[in-house]
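So the structure is just underneath, and the comments pick up after that.
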């Protein structure tokens, strides 16, 4: 692997780069929970040989052409907020930062926004708001994740119940293949032929680098109203949640007893919703009358104030705890069984201190459960991987899948075939066609 030749070529193309240790350390990992304890012990998870900072699609192409010609692996970084160990540069080589791809163009007439892959979500919302518009894609990582990262991981935001996930919002993509070839398409409301850009939504940088995204945007709602309900049992809350989906709220959350206690100081299952647009207050009142939960006050507002706060992690990890979340999707018919099975599986691992869940995304046919666990084990890595092994097994055996919106990365890779079945061999063939040398995000989704 001759990185010096690649550096010479990208320098000749005018691409900014750094071999300084501080920059290489900044791009040595993603946000997977196993990395922070290592750093606290002054252990580096991995280290790229060079970090590149392209500022255009053409510069991304120049980097990938050079890497391909010299057989040097490339690991793609956006905000590095992912938790699936997808960006960590275990093979050294090049860490490619997309943060320089930071342009935004707003087409208010057609309700479109075109953004470079490195645009941070909070910045995009701020610019859109100046035009009276919003994307309404608000993951918890809104202020530290990028538009390109959302596409690469098939992300889903907090308003997905009303506005859809990222795949529902993407109009067109510009993608750079591992060879450096640039793929573009005409921007139209609907696509002719097979919609091939969808190959790259959820591909986690393994098939190409997303350079630019055009997205649907919406008018900022003129009215919003909330609804908060309490239940005696989770089963009752699930029944009401299924009814509530048909009433078209913009946002829904269902919390088990443990998470209700954490957020609302009440040890009962709770359901919250936000309705948006003209007539939102009337819709909220109609839902309250139609549903069977007991009306509560202020839960939705309290959650909205806390929804971006993840400071618990930085407080407890230095104390020896490990903290992580596992999100999976299932049909309504499997929901109660899946919830119980996964919670039991996590709690069965020695060292588990807490396991809880909420439902964070809802569909006419099902929902996403988002499990949280905290452990204080003797061996963090062994404990962590055993929790994941048991949770994935429990989800698959209970009618669920392996992920909803965090992606697959390296962490969930062992179970990918079990979910996508016959399409797994097709994915391998596509990877071999577009990335014959297995250089791009090596080891993500598929073995290196």
- [ ] Tell me which of these residue 425 doesn't satisfy, since it passes every other one: (1) in contact with a helix residue (DSSP H, G or I) (Cβ under 6 Å, 6 or more places away or on another chain); (2) part of a helix (DSSP H, G or I); (3) under 23 Å from residue 205 (Cα atoms).
- [x] (1)
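Filter the strands (runs of 3 or more DSSP E) completely within the stretch 93-160 down to those with at least 3 residues that are within 21 Å of the chain's Cα centre (by Cα).
Values: elements: 94-97, 104-107, 112-116.
Because the criterion is at least 3 residues that are within 21 Å of the chain's Cα centre (by Cα), the strands (runs of 3 or more DSSP E) in the stretch 93-160 that meet it are 94-97, 112-116.
Looking at the stretch 188-237 only, could you name the residues that are free of Cβ contacts under 8 Å to residues at least 24 places away in the same chain and assigned to a loop (DSSP other than H, G, I, E, B)? Steps first, please.
Narrowing the stretch 188-237 to residues free of Cβ contacts under 8 Å to residues at least 24 places away in the same chain: 188-196.
188, 189, 190, 191, 192, 193, 194, 195, listed by residue number.
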- [ ] Using the structure shown, decide if residue 231 is over 25 Å from the mean Cα position of the chain (by Cα) and outside the structural domain of residue 358 (by TED's automatic domain parsing).
- [x] yes
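Taking the conditions exactly as written (buried (at least 19 other Cβ atoms within 10 Å of the Cβ) and under 21 Å from residue 421 (Cα atoms)), does residue 391 satisfy them or not?
Numbers: buried (at least 19 other Cβ atoms within 10 Å of the Cβ): yes; under 21 Å from residue 421 (Cα atoms): yes.
Judged against the criteria, residue 391 is a match.
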TODO: Kindly indicate whether residue 421 is closer than 24 Å to residue 166 by Cα, free of Cβ contacts under 8 Å to residues at least 60 places away in the same chain and over 21 Å from the mean Cα position of the chain (by Cα).
DONE: yes
TODO: Looking only at the stretch 347-362, decide whether some residue is assigned to a strand (DSSP E or B), touching a helix residue (DSSP H, G or I) at 6+ places or on another chain (Cβ under 8 Å) and under 30 Å from residue 178 (Cα atoms).
DONE: no
TODO: Please enumerate the residues belonging to the stretch 363-387 that are closer than 14 Å to residue 34 by Cβ and either touching a strand residue (DSSP E or B) at 6+ places or on another chain (Cβ under 8 Å) or assigned to a strand (DSSP E or B) (or both).
DONE: 373, 375, 377, 380, 383, 384, 387
Open item on the list: Out of everything in the stretch 306-324 that is modelled with pLDDT of 90 or more and in contact with a helix residue (DSSP H, G or I) (Cβ under 6 Å, 6 or more places away or on another chain), what residue ends up being surrounded by the fewest Cβ atoms within 10 Å (Cβ to Cβ)?
Closed with: 323
Task: Number of the exception - residue 389 against (1) farther than 18 Å from residue 443 by Cα; (2) not assigned by TED's automatic domain parsing to the domain that holds residue 327 - done: (2)
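The values are calculated or read from the model by the stated rules, or taken from the named source; none is laboratory data. Keep in mind it's a predicted model, so treat the numbers as computed, not measured. Reconstructed Cβ throughout: ideal geometry from the backbone, glycine too, with neighbour counts over all protein chains shown.
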